[in-house]
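Chemist: Quick one: the structure is below, questions incoming.
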């Protein structure tokens, strides 16, 4: 990939909205930038957004996959060979700004960390017969679920949007939230609560999965006791875990999220971070793109360029 002796102006780890935004701004400023992306395509978690995207100022997108397609077009148009896909990071030495990958060792005068997050997995043991019946993404299964009952666990935007989406296909949708209130936006929670296909239970946890060869019902418990819920699929929408294991111990952090200043600098000089992995932050594509842009400005200043 890169000569060990060559030191890039900027090494960006992660090809989602934050990483690509930062790369485009740095490239336009004439900086020597390289983007390391572990997947075959850039776009990060955007492709996992099942619903239409109305709240992004760059335009309306039918879903996250459509947004990813547009992001990829722009990235390939301007960044071309500066993006290294299918590139897994094996080790990081942030103090020395050195990154070991499956495609070689890369060094930078600065590093921008934008590794995103991954889905939090269901923590209850799943019998082998039911492995295919516990889902984390439901979009591709809509048609196969038509006229059938499902259970969704979670209390955030993703859980509620999934419930509203599947309510147009399934015979019955049961939503179980561990806490007494939903973290999701009040407007979509209200839509969920008033939908005649959706049944909601708060302060409720799933304690068992049952059926013959395939999932047929789950047992849940709340303050009123245990009860069974008929379903053919359990859809877990339990939030996300930041992908920071490789470097979190090297930086000041809060529960795995990297602490950044207003300029998106971290506790190590020359190391910047943005997108879903930072605190303070906001779980939105617009925030990720903006953090990448602001980090690029800070990187230019760090390298001695005028703003």
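Bear in mind these aren't lab numbers, they're just calculated from the coordinates by the rules spelled out. All of these numbers come straight from a predicted model, not from anything done at the bench. No Cβ is skipped: glycine too gets one built from the backbone with ideal geometry, and neighbour counts run over all protein chains shown.
Chemist: In the Gaussian network model of the chain, springs joining C-alpha atoms below 10 Å, which of 90, 31, 119 carries the largest mean-square fluctuation?
Modeler: For the chain, modelled as a Gaussian network with Cα springs under 10 Å, the answer is 90.
Chemist: With a/c under 1.5 counting as rounded, go ahead and sort the stretch 128-236 into rounded, prolate or oblate using the C-alpha gyration tensor (a ≥ b ≥ c being the square roots of the eigenvalues; past the cut-off, prolate if a/b is larger than b/c, else oblate).
Modeler: Note, shape of the stretch 128-236 comes out oblate.
Chemist: Please compute the modelled spin-label separation between residue 73 and residue 121, points set 7 Å along Cα→Cβ, answer in nm with one decimal.
Modeler: Between residue 121 and residue 73, the simple spin-label model gives 3.7 nm.
Chemist: If you don't mind, there's one more thing I want to ask. How much length is gained if the chain between residue 203 and residue 254 is pulled fully straight, taking 0.36 nm per residue apart and subtracting their Cα-Cα distance, in nm to one decimal?
Modeler: That works out to 15.7 nm of additional length.
Chemist: Please find, in a Gaussian network model of the chain (springs between Cα atoms separated by less than 10 Å), the residue of 131, 42, 175 whose mean-square fluctuation is greatest.
Modeler: Sorting by GNM fluctuation, first place goes to 131.
Chemist: Here is a further query. Need one number: % antiparallel among DSSP beta bridges in the stretch 128-236, to the nearest 5.
Modeler: 40
Chemist: Also: Please give the Cα centre distance for the stretch 135-159 versus the stretch 161-188, rounded to the nearest Å.
Modeler: 9
Chemist: Nearest-5 percent of antiparallel DSSP beta bridges in the chain?
Modeler: Antiparallel bridges make up about 45 percent of those DSSP assigns within the chain.
Chemist: Right, next: Once all Cα-Cα distances of the chain are split into 20 Å bins that start at 0, what whole-number percent is in each one?
Modeler: Answer for the chain: a P(r) of 31, 49, 19, 0 percent.
Chemist: Ok, one more. For the stretch 68-113 and the stretch 9-56, what is the separation of their Cα centres, given in Å?
Modeler: 10
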